[in-house]
């Protein structure tokens with residue numbers, strides 16, 4: 001049977017999804033209680049507390065379903081190779097005398113401010129498959145940037 005989704009995640013990304021699912025599971029009973037209490041106050045057509053709780057419960061249930069599917073079909077990849085940049089690799093690059101570390105992750109894990117770049121982003125695409133010593137030139141929104149790969153770990 002073919003998987004309905006293909007989802008590569010790092011171990012950290014997978015653990016974050018599981019933690020989010022657990023947090024939602026803990027939050028749900030409180031929201032449900034608020035909804036029941038608001039419902040007991042009478043007329044639902046003008047009960048803002050009831051409608052707010054109902055909407056929040058819907059968001060929690062929707063996200064819970066999404067997370068369960070992602071967790072079920074996730075392919076957890078640990079960056080094993082230290083010779084070629086691959087998904088999950090941490091790459092140390094140098095540009096204009098500044099060293100920067102990038103971790104190649106899935107787009108749902110991407111956080112450029114923390115050095116996590118998507119494997120489909122311009123930087124991620126340019127680094128994939130490269131080795132230590134390679135120089136890559138990347139078109140980014142601010143122009144072109146050149147990176148020399150110093151280390152893969």
Distance in Å, no decimals, from the C-alpha centre of segment 30-78 to the one of segment 81-153 is 38 Å
Relative contact order (%) - segment 90-152, alpha-carbon pairs under 8 angstrom, separation at least six: 32 percent
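Viscosity 0.890 mPa s, temperature 25 °C: what is the translational diffusion coefficient of segment 95-153 from Stokes-Einstein with a Kirkwood Rh over Cα pairs, rounded to a whole number of µm²/s? Write out the running numbers ahead of the final one.
On the way: Rh = 11.8 Å.
Stokes-Einstein gives a translational diffusion coefficient of 208 µm²/s.
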Compute the orientation-averaged projected area for segment 37-90 from the convex hull of its Cα atoms and round it to one decimal in nm². 6.1 nm²
What share of Cα pairs, in percent, lie more than 23 angstrom apart in the chain? 53 percent
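Contact order normalised by length for the chain, with contacts defined as Cα pairs under 8 Å and 6 or more residues apart; what percent is it? Let's see the in-between values first.
Numbers: 234 pairs, mean separation 32.7, N = 153.
Once divided by the residue count of the chain, the mean separation gives 21 percent.
Relative contact order of segment 41-125, please, whole-number percent, based on alpha carbon pairs below 8 angstrom and at least 6 residues apart.
Numbers: 79 pairs, mean separation 11.2, N = 85.
It comes to 13 percent, rounded to a whole number.
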Could you list, bin by bin from short to long, the percent of Cα-Cα pairs of segment 7-76 in 10 Å steps? 21, 38, 22, 14, 5
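None of the figures in this text is laboratory data; all of them are computed from the coordinates on show. Computed from a predicted structure; not experimentally measured.
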